[in-house]
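The structure appears below as structure tokens.
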Amino acid sequence: MSNSAPQGRSPGKATHGAADNARSYVIGLAFALVLTCASFWASASSLIYGPAVPVLLAVLAIAQMGVHLVFFLHLSSAPDQSNNFLALAFGLFVSALVVFGSLLIMANLNHNMMPMDRLLELQR
Amino acid sequence: MMSAIAVSQRAVEDDIPLSMRGPAPASVVAGFGFWLFLLSDIILFAAFFAAYAVLSGETAGGPSGLSLFHKQRVFIETLFLLFSSVTCGFGSLAVQRGNRPRTCLWMIATLLLGGVFLALELTEFSGIVATGAGPSRSAFLSAFFALVGAHGAHVTFGLAWLVVMLLQLGTFGFEPMVRRRFVCFALFWHALDIVWVGVFTIVYLGAR
């Protein structure tokens with residue numbers, strides 16, 4: 001019964017034996033440490049072409065979030081986890097809508113707004 | 001003999017359609033429900049992130065992020081939170097095995113590491129406010145304190161929850177109810193670390 005979960009498995013539950021799980025936390029820690037150090041190094045380094053730094057930081061952050069999901073939350077695309085995976089996909093979809101939608105709308109409003117000096121002139 | 005029974009039971013379970021197998025066990029329901037709550041919490045953080053991304057340039061003549069933030073301090077904070085996430089993971093393994101001393105050991109380590117993270121964050125906040133750059137100084141600072149403060153409030157709540165869980169472990173032992181709550185706490189704590197990855201990348205490393 002430990003591995004077969006007829007109604008699916010809740011996230012964060014063990015997949016394998018305890019030793020495998022302990023190893024998963026250690027591997028996750030190693031990956032997370034490397035990615036964190038790489039992020040802080042990249043943000044301060046002059047070795048990298050400046051405009052590329054934000055892209056690199058975004059890639060490193062997304063990679064680290066993936067590491068946390070897989071090694072700490074034990075999330076996978078296994079059939080008994082399809083509920084958890086679909087919920088995550090929907091959560092990420094809504095988050096992306098909120099963030100990129102806000103940025104798009106506010107940039108558009110900024111673009112269409114009259115320059116401040118003209119606005120003050122009109123109010124006079 | 002036992003394994004033969006187990007195999008035949010599994011075969012029967014596979015024959016019954018999923019919709020007719022009856023309710024899932026409480027551990028699955030509680031874990032999945034808490035996972036849904038966490039995702040809605042992450043959407044809440046997405047709104048704070050969106051506000052910060054829109055307002056991060058609006059300093060109204062006040063200090064910018066680059067002059068306020070110390071990357072070394074944030075790096076140390078990040079390490080404390082990361083290690084507390086790992087000790088929490090080992091703690092939840094100890095809960096699965098029903099090992100009380102180890103559970104206490106790892107969870108108290110989580111409590112201490114999380115407490116140091118919170119203390120570092122609070123001293124950072126008080127330092128920034130002391131220079132006259134409080135949340136009311138500019139839209140950028142309002143968004144900063146809202147986003148990082150929301151994460152800090154979650155960490156504070158998580159630490160209080162962990163203290164309650166340790167007391168419940170002492171009172172009830174490893175009841176199924178207590179185990180379920182430990183699983184939910186571990187999910188919460190790992191999710192906070194995931195949000196912090198976004199915070200340190202966008203707020204501190206992306207500071208202009």
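Coordinate-derived values only; no laboratory data. All values derive from a computational prediction rather than experimental measurement. Every residue, glycine among them, receives a Cβ derived from its backbone with ideal geometry; neighbour counts consider all protein chains shown.
Comparing A:A44, A:A78, A:A63 in a Gaussian network model of chain A (Cα springs below 10 Å), the most mobile by mean-square fluctuation is A:A44.
Among A:D80, B:D15, A:D20, B:D193, a tally of other beta-carbon atoms within 10 Å of each Cβ gives an order, fewest to most, of B:D15, A:D20, A:D80, B:D193. Of all the options A:L109, A:L75, A:L33, the one that moves most in a Gaussian network model of chain A with Cα springs shorter than 10 angstrom is A:L109.
For B:F75, B:F185, the sequence from fewest to most other C-beta atoms within 10 Å is B:F75, B:F185. Coupling constants for the range B:23-35 follow from the phi torsions by the Karplus curve (6.51 cos²θ - 1.76 cosθ + 1.60, θ = phi - 60°), and in residue order they are x, 6, x, 4, 5, 5, 4, 5, x, 5, x, 5, 4 Hz; glycine and proline get x.
Here the sum of -39500 (n - 2.57) over DSSP H runs of 4 or more residues, divided by the residues of chain A, equals -22500 deg cm²/dmol at 222 nm, to the nearest 500.
Give the shape of the protein assembly as shown as rounded, prolate or oblate, defined through the alpha-carbon gyration tensor: a ≥ b ≥ c are the square roots of its eigenvalues, a/c under 1.5 means rounded, and otherwise the shape is prolate if a/b is larger than b/c and oblate if not. The shape class here is prolate. So if R0 is 45 Å, what FRET efficiency would B:R73 and B:W161 give, r being the distance between their Cβ atoms, rounded to the nearest 0.05? Step by step, r from the Cβ atoms, then E = 0.95. Computed over the range A:79-124, the Cα gyration tensor eigenvalues convert (square root of 5λ each) into semi-axes of 44, 6, 4 Å, ordered from largest to smallest.
Per the helix-only calculation at 222 nm, which mean residue ellipticity applies to chain B, given -39500 (n - 2.57) for every DSSP H run of n ≥ 4 and division by its residues, nearest 500 deg cm²/dmol?
Value at 222 nm, helices only: -27500 deg cm²/dmol.
Largest GNM mean-square fluctuation among B:T78, B:T87, B:T123, using chain B with Cα springs under 10 Å: B:T123.
Here the 3J(HN,Hα) profile of the range A:33-40, calculated from phi with Karplus coefficients 6.51, -1.76 and 1.60 at θ = phi - 60°, is 4, 4, 5, 5, 4, 4, 4, 5 Hz, Gly and Pro shown as x. One chain, two ends: A:S82 and A:H111. Fully extended at 0.36 nm per residue, the span grows by 6.2 nm beyond their Cα-Cα distance. For the range A:15-124, chymotrypsin sites (Phe, Trp or Tyr not before Pro) meeting the loop criterion (DSSP other than H, G, I, E, B) and having at most 15 other Cβ atoms within 10 Å: A:Y49.
Assuming a viscosity of 1.306 mPa s and a temperature of 10 °C, what translational diffusion coefficient in µm² per second does Stokes-Einstein assign to chain B, Rh being the Kirkwood radius over Cα pairs?
82 µm²/s
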